[in-house]
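Before any comments, here is the structure.
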Amino acid sequence: MKRIFLGILFLLFGFANFLNAQELTLDEVKKKALTVTKEFESKLKKELKNAKREGGIKAMTEYCIKDSKKILEKMNNKYNPQISIKRVSLNNRNSKAKPLEDEVKILKALDLIQKSDAYEPEQIVQVISDTKYKVYSPIQMNSRDCKKCHGLENKVNKESQKRFFEVYKNKKGFGHKSGDIRGAVVVTISK
């Protein structure tokens, strides 16, 4: 009987330690999301630089239309099922990349923060449940190359603008100036 009691006690202790090991602190969630976001941004920048070297703005435009989503797909396969990553925007061209309702609320909050000249956070953590978090990292318009396709409409590359319209059938994705937040990278972390 004593052995059974000790066995049960051992199992309970081990299970409690397992549960505690699975818990993530808010700092750990933010760190994981930052690591994944930086990995994505680094890969995207590298691919866009390669496209620019190979064919200028035209090649960059084609890369964004045809291949940029492949980075997200590969990363989601790599981190599945604990972590997923995507890009969202209130002014998105691609209807397949439409933000979810809860994401729209955060994007509107980021927009409001920007318009009020308030401090723009590096990350916003949305607690979905005890085991699920969404971490939003704002995408800022800081690169000259990004402005060639996403900048103020009268200053964007006309060939790129025409090509985006041919593919997406809308005039979204333009109108951003330096420093604007044009969307967010969203990293969802599940325990």
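The values are calculated or read from the model by the stated rules, or taken from the named source; none is laboratory data. Keep in mind it's a predicted model, so treat the numbers as computed, not measured. FYI the Cβ positions are ideal-geometry reconstructions off the backbone, even for glycines, and counts take in every protein chain you see. Accessible surface areas use protein heavy atoms only, side chains included; no ligands, DNA or RNA. Shrake-Rupley method; radii C 1.70, N 1.55, O 1.52, S 1.80 Å.
With distances taken between every two different alpha-carbon atoms, the chain has a Kirkwood hydrodynamic radius of 18.7 Å. Sorted largest first by accessible area at a 1.4 angstrom probe radius, with every protein chain in place, the residues Leu24, Leu100 fall in the order Leu100, Leu24.
When the pairs Lys98/Lys147; Lys43/Lys191; Lys46/Lys69; Lys38/Lys69; Lys43/Lys74; Lys98/Lys162 are compared against a 18 Å limit on Cα-Cα distance, Lys98/Lys147; Lys43/Lys191; Lys98/Lys162 fall above it. Listed values for region 89-103 are Karplus-derived 3J(HN,Hα) couplings in whole Hz (6.51 cos²θ - 1.76 cosθ + 1.60, θ = phi - 60°), namely 7, 6, 10, 7, 6, 7, 5, 6, 9, 5, x, 6, 4, 5, 6, and x replaces Gly and Pro.
A 1.4 Å probe over all protein chains sorts Asp27, Asp102 by accessible area into Asp27, Asp102, starting with the largest. Summing Cβ point charges (Lys, Arg +1; Asp, Glu -1) relative to the Cα centre of region 58-161 gives a dipole of roughly 480 debye. Across region 31-38, computed HN-Hα scalar couplings (Karplus, 6.51 cos²θ - 1.76 cosθ + 1.60, θ = phi - 60°) run 5, 4, 5, 5, 4, 5, 4, 4 Hz from first to last residue, x flagging Gly and Pro.
Summary of the geometry: region 118-191 and region 74-117, compared by the centres of their Cα atoms, lie 8 Å apart.
Computed per residue of the chain from DSSP H runs no shorter than four, each worth -39500 (n - 2.57), the mean residue ellipticity at 222 nm is -19000 deg cm²/dmol.
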